[in-house]
Structures are given as structure tokens and as C-alpha cells.
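Inspection log for the structure reproduced underneath, given as C-alpha cells.
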Amino acid sequence: MRGYERRILSLIMLAVGVVCAGSAQVRAADPEIDRLLQSPVGQDWVTNGGNLTNQRYSTLKQIDTNNVKRLKGAWMTRLKGSGFGGKYSAEATPLVRDGIMYMVTGNDDVFALNAKTGEILWERWSGIDQKISTVCCGWDNRGLAMGEGLLFLGQLDANIAALDIKTGKEAWKTPIEDWRNGYGITSAPLYYDGIVYSGITGGEFGVRGRLTALDAKTGKILWRWYTLPGAGEVGSDSWPAGTDHAMRGGAAIWNTPALDPDLGLIYFATGNCGPDYDGAMREGDNLFCVSIVALKAKTGEYAWHFQEVHHDIWDYDATSPVVLFDTVINGQPRKAIAEAGKTGWVYILDRTNGKPLIGIEERPVPQEPRQKTAKTQPYPIGDAIVPHCAEPLPGFEKAGCIFEPFWEEPVVIQPSGGGGTVWAPVPYSPETGYLYVPGTIRTSSFTRYGDTYKHGLRYVGSPWSGTFTAIDGKTNKIAWQHKTPYRMGSGGGSAATAGGLLFRGDPDGNFLAIDAKTGEELWRFQTGFGADAPAILYEVDGDEYVAIATGGNSLSGTAYGDAVWAFSLKGQLGPLWPPPPPPNVAGPGGPIADGADTIKIGDRNVEYSYFPARTRVKAGTSVTFANVGDIPHTATDIKQAKWDTGVLEKGQSKAITFSEPGIYYYICAPHPWMYGQVIVE
């Protein structure tokens, strides 16, 4: 080859190299993070679910079934009161990279800590508006994402923010929507290949759910995929023709997606339809509510879906993150995806096409024509993790099983909308082949509200308890199960390890190590606060650590705090005193306050509660409901809203006179997980 030919070839190769490099920069803006996201989890924990599969499985095995009893606290750090209080939940998964831990609280504040010592390195206070009134189920943030030298978080005000990972300084912020329209974000985003993906909350507020993809460098929105189809789009025929009901039908995305780079697909699960307990106006299956959905990760183009509940009227939304795993079924290697639902079942599908791997049968179910109920519902072959039929309860004429319909007379049903698996993630261990599923056993009464945008009614005072179950991923059968005296599955979760262990936090403040194969408890440690977050594992300077945030859960009523614990075999810290036990009865708690004629809403830094929650007065007494919290609340009769304070802004109050003896239950209409009781004699 002549010299000038070599020079021309060099120039051509250089030009091609520049183009390829530019393309590579678009395709893999942070190749090291992308590599970690596609690899088994080891020294670092760089995304909410450990890696792109959401398996929450660590290959670390320095701590194992033989030595875990030696585990002690390596450090415990308090996060300066951030997210401390009854309105907050601490459910976030910390991230760790190169010896630094990154943690977010229920107030959307972010902290960087030395992962070996717990020392706070920097902090970013969100300054978020404390009067945001459209938050469902407590103030919460379930975690962060990282890539390209940035940390990404969703906020309660429906913004996605990017922070400099070295300083915490804000790099960009993009509004996904306006929180005043009912939108918010509580899930951890997912970063991969230059894109940040995020869902959105608000299914109770008449929103239109969506997955949003943003450019990681700039925050520019690249595309949106709406979980409620527009006219002529896939799924639009599952809504009443000629209406716009789908445009405000909910189907929020509460969870962090999973992603398969080989298939080029991103996966997530969707929430309930709205109105929640009234299906009369939305005849049809109502896609894509309560569904597992796969999209093309680059473009947002629809690939496939599977609907777990048709025409949901029970609040059986799919809020737990999906998990990807490879398995062998009937001797054939298969690519699986699983999601644990509020129904108490685990749905196991082929992630290449959305078809059931083990079998899911469409079975006829009881009908209520006024609710436009679906004629059949999917029944997975295998075991449920919670009971599927309600026991009769005093004061209720009818008790039913899953998918029992209802209208305007209360029907007691099991599981309830707060039963089964809610937001808690589900790990998968490739060693055991098990999925580890937390669940709540709870009976509720269901009835239809006449008002389109109000929640349905829920039985007050019913017992609740929990299960923690190992489900065999090949059969969908129970391998072992723990029963607990308090609810599970609301926000906790666990992490599995190559050391044969499963680490789980419990609402009573205990942090447990369990033999992942047998379910035997091997170690427990009292953290002093509600341990309602998932654990992670990481390594610094050759030492393995296990970490968990402990700060309670507002819905479960567990002990609140602002702590992060890390444990190691070299740890020296012992356990704390146990906090007050979590409630095991749904509804108003605490002692009955005799003669109390003033009930404060949002008192004692507990936004979503009544003080006292239970009062006893004489017939003819006027009880004053005073809002001392930050956001609007009501006190609304739970039986067809026969009495109601109306919306009370901060500082407002209203007196209700109770003339007749009886027991009067009430809720806050915008926040119906708040309960109160007036006993009139």
C-alpha cells in the first residue's frame, strides 16, 4: 500500500472512529455503570434492584450461614431528622459505589455517606413544598439511580432531578407533571445506556399513567408511553367507546422497571384504574390497568402486556417491581419475568412474549352487572401467599372470596386492596430458584361510593397479619413460609446472597438473617426503629457489609426514625431497645379518650392521622375536628358519607353534633388510609 493510500485509509478510519465514538457515546454514555448494571451484583450496589434484573441477589459470600451469628453493627448514622415523623416512610434502597453510600429519605433529601464508617460526606435538602396534598399513602421515596457522574431521583412534586454525585449540587430538574393535577413520584428511577426511566403515581386522583424516558445528561424528555391508550391505540377497545374515561383512568407506575438488554425490552407493572371501587362508568377490561407491560427500551414502542386483573374494582393494583430471571421449565431453558400482586399470587411469564410459563387459567367469577364486572379473571396455577376467602365479621351480612363483586351494600372480602404484596420488592436467588415474597393478610369491606373520585370504603378494626414466603420459580408452589403477627409487603422486602442467606427487615424493628433454602432464622438484631426498607450488600476494603434504612412506615404505623444501619463481621455495635410494637388491627388505634370533644388532624408531626383516633362522648355532644397539619383533610362518615366536615384547610375546623348513640367510623376522603372512631353513649 502506497503512503498516500495509507494516509487516506487512516483518515477514513479516523472519520469512522469519530462517528462510532459519537454513536457509542449515545448508546453507552457510562459504559462502566452499564457493565455493572448487566453483571451479577458484587462489590457495589448501583441501582435499586441491584442490577437490571431487579433480583436483589448479591454474589458476596464472606458472610454466610456458618458465621452470620457473629454479625454486629459496624455503624449507625442518623440523617439529621430528614424524613423523621409519622407522615414519612423510610423504604429507600441505598446505593453504593466505590466506598460511598447514597441515601434518599421520604422528604426527597439526599445524603452521601462513607460506606465504611457512616460519616456524612455531603447532603442535599430538597426544600420540597410541605403543603403537597396529592401524596398517596405517606411521604416516601424508594430510591435513587446513578450514571454519568449523576444521581437521579423522582420527587413527590412530580419532578425528576439530577445531582452531581460528588457534591450533591443539582445539575438539572425536569417536571414530569404538576403535582396539583394529582401526580407524584415515589419510585426509584432506572438508569441505563444514557436514559433515565421513571413512572408516576396518582391513580387515586384521576391521572393518566405513563412511563417517561429522559436524556440522562440534559433531562430532556425523549418519549412517553401512556398506560391508558388514546383513541385507536392498542388497548383502546377495552374502554367505553366515545368517552374520555381512559384519559383519567389511573394505571400509575409505582415501581422501578427492569430491563433486558439482549431483548431490548423494558418491563414494569401498573396500578389500579380510577374510579377505584366503581366500575360502572368504565365497562371493559380497562387496559393497561393492573398489568405487566413490556416496551422497546430505546423507543417506548409497545411490545406485549399481560393483565393480572380485568376491570379492577378491588384496588388490586400491581405495585411491586417486576423481577427477571432465567430458569428451566419442563427441561427447557426459559427467560422469565415475575410480579407479586395484591391478589396474593405470583404471576410468572415468558419475558420474550408475555405468555404464562407455568400456567394461568381464565376462570368464571361472580357477577354484578351494575359494576360491569369482567366475566373471567386470571388464576395462576400454584399457591397463593395469603388466604383468598374472608371470614364473616360482625355487622356485615356478606363475606366473600377474591373477585367477589359488590355495589352499595358492604361486602367483606379477602384479600383487601391493602393485602397480598404491595410495594415491597421480591428478590430471586439463582442458587435456590426461589422468589421471596412478603404479604399482608387483611380483610376489608368494599362498597361503591357514589362520588366518582372518592376511594371505596374499607372495614375498620379488622385484624391484619403477614406472611413471608419462598415461592419456587419453577412451579409457583410454596417452598416454605413464615407467619408474622403484623403486616408484611407494604414497603419492606429483602435481599438474597451467595452465602446462602436472606436478609429481611421487619416492622417491629428487627433485622433478620434467614437460611434462604430452608427458611430457618439464623440471626436477629433490634435496630430500634421500624425496619420497613429492603436491605443491600456491598464490600469495602475486602469487608462485606449489609445495610438497611430504618425509619418506619406511615401506613403500617411502625416506629419512625431517620437511621441507616450497616453490619459486618467486624462490627462492634449492639442492638437498641425495641420500639413500640406495630399495630395488628387495621383502623383507629390507641386508647379511647373519654370526653374528648376536639380531634386534631395532623397533630404531633403525624400528618395523616387523627388525635385522638378514638373518643367516647355523650349523645348530643358536638365534636370539633381541627386541621393542625400542613395539607387539606376531612373527617367523612364511612357509611355512605352521611356526615362530613368538608375539606378543612390548615387552621380550619368544623364541629359535628352526634345526637344518637352508636359507633361512628370516619376517614379522610383525600387520604382514606386515615381512620377515626367516635363512640357515642
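Here are some notes:
- Residue-normalised accessible area of the range 587-681, given per residue in Å² at a 1.4 Å probe: 43 Å²
- Filter on K166/K220; K87/K166; K169/K600 - keep pairs with C-alpha separation over 32 Å: K169/K600
- Each peptide in 161-168, 239-246, 411-418 was scored by the mean count of other Cβ atoms within 10 Å over its residues; highest first, the order is 411-418, 161-168, 239-246.
- For the range 532-598, the normalised intensity computed at q = 0.28 Å⁻¹ comes to -1.27 (log10 of I(q)/I(0), Debye sum over alpha carbons, equal scatterers, no solvent).
- Helix-only CD estimate at 222 nm, as mean residue ellipticity for the chain, using -39500 (n - 2.57) per DSSP H run (n ≥ 4): -1500 deg cm²/dmol
- Per-residue 3J(HN,Hα) values for the range 286-293, derived from phi via the Karplus relation 6.51 cos²θ - 1.76 cosθ + 1.60 with θ = phi - 60°, read 6, 6, 10, 5, 6, 9, 9, 10 Hz in sequence order (x marks Gly and Pro).
- Relative contact order, percent, the range 75-210 [alpha-carbon distance under 8 Å, six or more residues apart]: 18 percent
- Carbon/sulfur fraction of accessible area - the range 257-336, other protein chains in place, 1.4 Å, %: 50 percent
- Solvent-accessible area, 1.4 Å probe, carbon plus sulfur percent, for the range 85-174: 48 percent
- Cα centroid separation - the range 644-675 against the range 189-248, whole Å: 35 Å
- Applying a DSSP loop filter and a limit of 13 other Cβ atoms within 10 Å to the trypsin sites (Lys or Arg not before Pro) in the range 558-606 leaves K570, R604.
- 3J(HN,Hα) along the range 180-196: 5, 8, x, 8, x, 9, 10, 7, 6, x, 10, 9, 6, 6, x, 10, 10 Hz, from the Karplus curve 6.51 cos²θ - 1.76 cosθ + 1.60 with θ = phi - 60°, whole Hz, x for Gly and Pro.
- Working ranking of peptides 175-187, 33-45, 90-102 by packing, defined as the average number of other Cβ atoms within 10 Å per residue, highest first, is 90-102, 175-187, 33-45.
- Mean separation of Cα contacts under 8 Å (6+ apart) over length of the chain, as relative contact order %: 12 percent
- Amide H to amide H distances under 5 Å link T93 with G143, L144, where only residues 5 or more positions off or on other chains count and H is placed in the peptide plane.
- The charge dipole of the range 506-593, taken about its Cα centre with unit charges on the Cβ of Lys, Arg, Asp and Glu (plus for the first two, minus for the last two), comes to roughly 280 debye.
- Under 16 Å from K517, Cα to Cα: aspartates and glutamates that are on another chain or at least 8 residues apart: D64, E431, D472
- Each peptide in 610-621, 308-319, 478-489, 643-654 receives the mean, over its residues, of other Cβ atoms within 10 Å, and ordering these scores from highest gives 308-319, 478-489, 610-621, 643-654.
- Accessible area per residue for the range 234-341 is 28 Å², calculated with a 1.4 Å probe on protein heavy atoms, without ligands, DNA or RNA.
- HN-Hα J in Hz across the range 125-141 - Karplus 6.51, -1.76, 1.60, θ = phi - 60°, x for Gly and Pro: 8, 5, x, 5, 4, 6, 9, 4, 10, 9, 7, 8, 6, x, 6, 8, 9
- For the chain, a simple Cβ point-charge model (Lys and Arg +1, Asp and Glu -1, everything else neutral) yields a dipole of about 680 debye relative to the Cα centre.
- Cα long-axis angle, helix 3-27 against the chain (0 to 90 degrees, to the nearest 10): 10 degrees
- Nearest-20 debye value, the range 215-365 charge dipole, Cβ charges on Lys, Arg, Asp, Glu: 560 debye
- Think of the chain as a dipole: +1 on every Lys or Arg Cβ, -1 on every Asp or Glu Cβ, centred on the Cα centre; then among W254, F205, L569, L569 lies furthest on the positive end.
- Taking amide H atoms as placed 1.01 Å from N in the peptide plane, the amide H of C401 lies under 5 Å from those of A390, each 5 or more residues away in sequence or on another chain.
- Long-range amide H partners of L265 with built H, under 5 Å: D260, A297
- Global size of the range 540-681: 19.9, 70 Å for Rg and Dmax (C-alpha atoms, Rg to one decimal, Dmax whole).
- Surface accessible to a 1.4 Å probe, per residue, for the residues of the range 457-546, Å²: 25 Å²
The values are calculated or read from the model by the stated rules, or taken from the named source; none is laboratory data. As the structure is a prediction and not an experimental result, all values here were calculated from the model. Virtual Cβ from ideal backbone geometry, glycine too; neighbours counted across all protein chains shown. Surface accessibility is based on the protein's heavy atoms, side chains included, excluding ligands, DNA and RNA. Shrake-Rupley method; radii C 1.70, N 1.55, O 1.52, S 1.80 Å.
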